[in-house]
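Read through the structure below, which is laid out as structure tokens, and then see the notes.
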Amino acid sequence: MFARTLMAAAALAVSLPFTMASAAEGPHVEPIKAYVASKIQAWLKDPAVIEAIKAQNDKTAALSSADIDKLDKQWRAEVDADAKPMIKGVLGNPLSAFLTKKKEEAGGLITEMFVMDAKGLNVGQSDTTSDYWQGDEAKWKKTFQAGPNAVFVDEIEKDESTQMLQSQVSVSITDPATGKVIGAITIGINVDAL
């Protein structure tokens, strides 16, 4: 059944106007693209996602590089600290609850998700990320900066804590009302579950 769903999704993926970029080609790339086309793209237009990104873009529009560095350093310090006010603020927001629910509904196929704004800063996430600013990484550059319908599939890596093989797929997020890219999402995919 799942194989039929992936085959149908792959056919759908071919017909969608995605800008596809991949760090490496391999047997995981096409099934991940198909999964994005069939399962992810529809809910990226959900008002919970769009409104959260737009609200944060309004708040972060005037941030300088120094401001972003300061926020990122604060986040990184909180990762290993007892007190985590910044991290708890993001993990406790409605978008993070939405992403956590979508992760749970994926039945183990999704290992993590986080949404980034127009600066590459975390808006919401299912799990704590090691840093707050993603704007210097391919996951943001090859999606947000690439424009609408951009999908970037990264190489397979072994997660040391879970020993699971995973690949990250990142997708630009477009405001349905304007067609303008407003953010991006990165989703960890359990390659073994594909």
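Tell me which of these VAL14 doesn't satisfy, since it passes every other one: (1) farther than 19 Å from LYS103 by Cβ; (2) at pLDDT 90 or above.
In the conditions (1) farther than 19 Å from LYS103 by Cβ; (2) at pLDDT 90 or above, VAL14 misses (2) alone.
Which condition from (1) more than 20 Å from the chain's Cα centre (by Cα); (2) closer than 25 Å to LYS141 by Cβ; (3) not acidic (Asp, Glu) is the one that LYS84 breaks?
Among (1) more than 20 Å from the chain's Cα centre (by Cα); (2) closer than 25 Å to LYS141 by Cβ; (3) not acidic (Asp, Glu), the lone unmet condition for LYS84 is (2).
Between a residue in segment 66-77 that is within 17 Å of ASP117 (Cα to Cα) and any residue that is outside any helix (DSSP H, G or I) and of a type in the set (Ser, Thr, Tyr), which pairs come within a Cβ distance under 6 Å, given they are 6 or more apart or on different chains?
LEU71/TYR132; ASP72/TYR132; TRP75/TYR132
Please verify whether segment 19-28 includes one or more residues that are in a helix (DSSP H, G or I), among the β-branched types (Val, Ile, Thr) and either modelled with pLDDT under 95 or closer than 22 Å to THR186 by Cβ (or both). I'd like the intermediate steps shown before the answer.
Of the residues in segment 19-28, the ones in a helix (DSSP H, G or I) are none.
No, segment 19-28 contains no residue that is in a helix (DSSP H, G or I), among the β-branched types (Val, Ile, Thr) and either modelled with pLDDT under 95 or closer than 22 Å to THR186 by Cβ (or both).
Spot the failing condition for LYS158; the list is (1) surrounded by fewer than 17 Cβ atoms within 10 Å (Cβ to Cβ); (2) touching a helix residue (DSSP H, G or I) at 6+ places or on another chain (Cβ under 8 Å), and only one is missed.
Failed condition: (2).
Please specify each residue of segment 50-73 satisfying the condition of being exposed (fewer than 14 other Cβ atoms within 10 Å of the Cβ) and among the basic types (Lys, Arg).
LYS59, LYS70, LYS73
Kindly indicate the residue of segment 98-137 that is of a type in the set (A, V, I, L, M) and closer than 18 Å to ASP69 by Cα and also nearest to the chain's Cα centre (by Cα) among those meeting that condition.
To start, the set of residues in segment 98-137 that are of a type in the set (A, V, I, L, M) comprises 99, 106, 109-110, 113, 115-116, 118, 121, 123.
The next check asks that each one be closer than 18 Å to ASP69 by Cα; those that pass are 116, 118, 121, 123.
Values: MET116: 7, ALA118: 13, LEU121: 11, VAL123: 10 Å.
That would be MET116.
Which condition number in (1) under 15 Å from the mean Cα position of the chain (by Cα); (2) surrounded by fewer than 17 Cβ atoms within 10 Å (Cβ to Cβ); (3) of a type in the set (Val, Ile, Thr) is the one that VAL79 fails?
All conditions pass for VAL79, except number (1).
Out of (1) part of a strand (DSSP E or B); (2) surrounded by fewer than 23 Cβ atoms within 10 Å (Cβ to Cβ); (3) out of contact with any Ser or Thr (no Cβ under 6 Å at 6 or more places or on another chain); (4) of a type outside the set (D, E, K, R), what's the single condition that is false for ILE185?
For ILE185, the failing item is (2).
The values are calculated or read from the model by the stated rules, or taken from the named source; none is laboratory data. The structure displayed is predicted, hence computed values, not measured ones. Quick reminder, even Gly has a Cβ in these numbers, built from the backbone with ideal geometry, and neighbours come from all protein chains shown.
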